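Worksheet for the structure shown next.
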Amino acid sequence: MAERWSEAELPLFGGEERINDPDRALKALRKDAADCTRCDLYKNATQTVFGEGPAEASIMLVGEQPGDQEDLAGHPFVGPAGKVLDRALSEAEIPRDELYVTNAVKHFKNEPRGKRRIHKKPDTGEIEACRWWFDRELAIVHPRIVVAMGATAARAVLRKTVTISKTRGELIDLVDGINALVTVHPSYLLRLRDEADKKKQFRQFVADLRFAAESAGAKKAA
């Protein structure tokens, strides 16, 4: 694993404290994020949905934002897209409990329509506001590979807008020995209507995850 940040470089927490223990630092960050009002999305959401997983994870998965079920449960990727992700991870033989799973935006952006809440895509300002949390997650976990799932996640991770089809499957240098890999969001697979295309895209998604795992393992061996 690439060397973690030194104590002097770790994020500041309440009372100007630096925590040089990754597990404690993540817990402190999660606690701080629970009261986040950095943008207006908290006003229409149930709660902050923070990242989950081991602080020593070599792979970080980044999605767009919590969905309706994630917002209610308080955990990332537990709804329909989460089931697709779990199936893909199983086929790629990657234990989910060894990954750090988070989202670019921590609150569910939605538009109430009667008893339903309709998903709305986060805008650039909301992604930028939430980068404060993502940057600190990245600093603490310091994974070998960050898998950006979907355009919003790619925008947050790479700090620029990219086309998924043009960047998918390539290792992209970030900082301090961390690489990024762009792929589709699991919800994209749910929206495909043609079964043959859905199966093809699912296999490619599994291949992307497997490549991320192989790359993380290769960097560990190196």
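Since every read-out is calculated from the coordinates, none of them should be taken as a lab result. Computed from a prediction, not measured in an experiment: that's the story for all the values here. Counting neighbours? That spans all protein chains shown, and the Cβs are built from the backbone with ideal geometry, glycine included.
The set of residues from the range 157-174 being touching a residue at least 40 places away in the same chain (Cβ under 8 Å), farther than 22 Å from residue 139 by Cβ and not basic (Lys, Arg) comprises just one member, 169. The residue list 37, 46 contains one member that is more than 18 Å from the chain's Cα centre (by Cα), in a loop (DSSP other than H, G, I, E, B) and touching a residue at least 40 places away in the same chain (Cβ under 8 Å), which is 46.
Does residue 118 satisfy being under 26 Å from residue 48 (Cβ atoms) and either touching a residue at least 60 places away in the same chain (Cβ under 8 Å) or crowded, with 18+ Cβ neighbours inside 10 Å (or both)?
Values: under 26 Å from residue 48 (Cβ atoms): yes; either touching a residue at least 60 places away in the same chain (Cβ under 8 Å) or crowded, with 18+ Cβ neighbours inside 10 Å (or both): no.
Considered against the rule, which asks whether it is under 26 Å from residue 48 (Cβ atoms) and either touching a residue at least 60 places away in the same chain (Cβ under 8 Å) or crowded, with 18+ Cβ neighbours inside 10 Å (or both), residue 118 comes out as no.
Highlighted here are the helices (runs of 4 or more DSSP H) found entirely within the range 103-208 that include at least 3 residues which are among the hydrophobic types (A, V, I, L, M, F, W, C): 124-141, 151-158.
The residue pairs whose first member lies in the range 55-68 and is over 19 Å from residue 129 (Cα atoms), whose second member is part of a helix (DSSP H, G or I) and acidic (Asp, Glu), and whose beta carbons are closer than 8 Å, counting only pairs six or more residues apart or on different chains, are 55/23; 57/98; 58/98; 59/98; 60/137. Beta carbons closer than 7 Å, at least 6 apart along the sequence or on distinct chains, pair a first residue in the range 71-98 that is free of Cβ contacts under 8 Å to residues at least 60 places away in the same chain with a second that is assigned to a helix (DSSP H, G or I) and surrounded by fewer than 15 Cβ atoms within 10 Å (Cβ to Cβ) for 96/86.
The single condition among (1) of a type outside the set (Ser, Thr, Tyr); (2) assigned to a helix (DSSP H, G or I); (3) surrounded by 15 or more Cβ atoms within 10 Å (Cβ to Cβ) that residue 86 does not satisfy is (3).
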